[in-house]
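One structure is given below, encoded as structure tokens.
The values are calculated or read from the model by the stated rules, or taken from the named source; none is laboratory data. Model, not experiment: these values are computed from the prediction. Cβ atoms come from the backbone with ideal geometry, glycine included; neighbour counts cover every protein chain shown. Ligands, DNA and RNA are excluded from the accessible area calculation, which covers all protein heavy atoms including side chains. Shrake-Rupley method; radii C 1.70, N 1.55, O 1.52, S 1.80 Å.
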Amino acid sequence: MADSHYIDPEIRPLLEQMAANYGDFSKLSVAETRALFAQTAAATARPLPDDCVDDRFDIPGPAGPIPCRAFGPAGATGALPVVVLFLGGTYVATSLDQVGHNPVALVQALGCVVVTPLHRIPPEAPFPAAYDDCFAVYRWLLENGGVIGGNGAIVLLGESSGATLAASVCIDAREAGLAQPRLQVLAEPLLDHQSETPSINEFAYVLSKADIRRGSALYFGDQPPPPRASPLRADHLAGVAPAYVITAGLDPLRDEGFAFVARLRAEGVTVAHRNHDGQVHGFFSMHEQLTQARI
């Protein structure tokens, strides 16, 4: 842990614990990575609070049903906004049993419905499987959101690779002539699978360049990632939903987030951006431990 970097005092003990328990993620096999995510999810699981409900349902997808969880306030009357939470996990470790505390926190804070879809994952389902699945979920919710208690207002939210998918859905929706979501919230987003920024080459807290490249290789094999896979490489960004971009000062993906904010603003998209100094990749999901994840 480089002393030359300012590290938020609240995250430092968590970093030391993760380093001691998990070591170098980039050296794990796919099976080991999935087992680690499952172990972590089980260790941090909490009972569903009384003021929330948790249902499961399927959305039709391009390769079959897409399993989803829908969280909402217990006893809600009337239709509510829908937040679609695309799951991260470096693409390979996503599971509906590993959604963490964010859906419940969003329901309690916003009084909304939170939908978490389980897109297909590599290497079993390489690109563009996850992108196609997430776009299918958004299209279905535009047309059928009332079935799950939605009122037509949709927000797309993702962290890390989930943010990649949220940003990509906005671009795909624009290309298809569909309505945009009210907002895209991108937390520590991966926006360019081929980036060579200062931050990706400097920082390795929680996530390293090796981890990122390994995840991309599982998705694209020996082929270069196509432009659709990297929202930052889109021909143009005008016409996509307003964005709230959250970056972390010690995240290897930090500079991609800054570059995306600059492009969105240059092309007329309304953007709010907050960079959290001293924070690392994944901090957004640590709202129970970190003050910065709650502000």
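Can you name every residue in the stretch 100-120 that is assigned to a loop (DSSP other than H, G, I, E, B), within 14 Å of the chain's Cα centre (by Cα) and of a type in the set (A, V, I, L, M, F, W, C)?
Once the filter is applied, which keeps residues that are assigned to a loop (DSSP other than H, G, I, E, B), within 14 Å of the chain's Cα centre (by Cα) and of a type in the set (A, V, I, L, M, F, W, C), the stretch 100-120 yields only Leu118.
I'm trying to understand the selection: among the residues of the stretch 58-94, which are farther than 23 Å from Ala38 by Cβ and either assigned to a loop (DSSP other than H, G, I, E, B) or at pLDDT below 95 (or both)?
Pro60, Gly61, Ala63, Ala74, Gly75, Ala76, Thr77, Gly78, Ala79
Assuming Arg182 fulfils every condition listed in (1) among the basic types (Lys, Arg); (2) crowded, with 17+ Cβ neighbours inside 10 Å; (3) within 25 Å of Asp55 (Cβ to Cβ) apart from one, which condition is it?
(2)
Conditions: (1) open to solvent by less than 50 Å² (accessible area, probe 1.4 Å); (2) within 19 Å of His273 (Cα to Cα); (3) of a type in the set (A, V, I, L, M, F, W, C). Val169 meets all but one. Number of the miss?
Unmet for Val169, out of (1) open to solvent by less than 50 Å² (accessible area, probe 1.4 Å); (2) within 19 Å of His273 (Cα to Cα); (3) of a type in the set (A, V, I, L, M, F, W, C): (2).
Filter the stretch 152-165 down to residues that are in contact with a strand residue (DSSP E or B) (Cβ under 6 Å, 6 or more places away or on another chain) and not in a helix (DSSP H, G or I) and give me whichever is surrounded by the most Cβ atoms within 10 Å (Cβ to Cβ).
Within the stretch 152-165, the match that is surrounded by the most Cβ atoms within 10 Å (Cβ to Cβ) is Leu156.
Could you please find all residues in the stretch 195-209 being over 18 Å from Gly278 (Cα atoms) and either under 19 Å from the mean Cα position of the chain (by Cα) or of a type in the set (Lys, Arg) (or both)?
Ser195, Lys209
Checking the condition of a type outside the set (Ser, Thr, Tyr), in a helix (DSSP H, G or I) and within 28 Å of Val114 (Cβ to Cβ), which residue from Asp211, Asp251 passes?
Just one listed residue meets the conditions, Asp211.
Rundown of residues vs (1) of a type in the set (A, V, I, L, M); (2) without any contact (Cβ under 8 Å) to a residue 40 or more places away in the chain; (3) surrounded by fewer than 23 Cβ atoms within 10 Å (Cβ to Cβ), yes/no style:
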| position | (1), (2), (3) |
| --- | --- |
| Gly64 | no, yes, yes |
| Cys68 | no, no, yes |
| Leu87 | yes, no, no |
| Val104 | yes, no, yes |
| Gly111 | no, yes, yes |
| Pro128 | no, no, yes |
| Asp132 | no, no, yes |
| Arg139 | no, yes, yes |
| Leu142 | yes, yes, yes |
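Within the stretch 214-246, how many residues turn out to be surrounded by fewer than 19 Cβ atoms within 10 Å (Cβ to Cβ) and at pLDDT 90 or above?
Residues that pass the stated criteria total 13.
For residues in the stretch 249-289 being of a type in the set (Lys, Arg) and surrounded by fewer than 17 Cβ atoms within 10 Å (Cβ to Cβ), which is farthest from Lys209 (Cα to Cα)?
Selected residue: Arg265.
Please determine, by comparing only the residues of the stretch 13-31 that are loosely packed, with under 13 Cβ neighbours inside 10 Å and either assigned to a helix (DSSP H, G or I) or touching a strand residue (DSSP E or B) at 6+ places or on another chain (Cβ under 8 Å) (or both), which one is modelled with the lowest pLDDT.
Within the stretch 13-31, the match that is modelled with the lowest pLDDT is Asn21.
Scan the stretch 219-239 and report the pairs whose first residue is under 17 Å from Pro123 (Cα atoms) and whose second residue is of a type in the set (Phe, Trp, Tyr), with Cβ atoms within less than 6 Å and a gap of 6+ or a chain change.
Pairs that qualify, where the first residue is under 17 Å from Pro123 (Cα atoms) and the partner is of a type in the set (Phe, Trp, Tyr), are Tyr219/Tyr91; Tyr219/Phe127; Phe220/Phe127; Ala229/Phe127.
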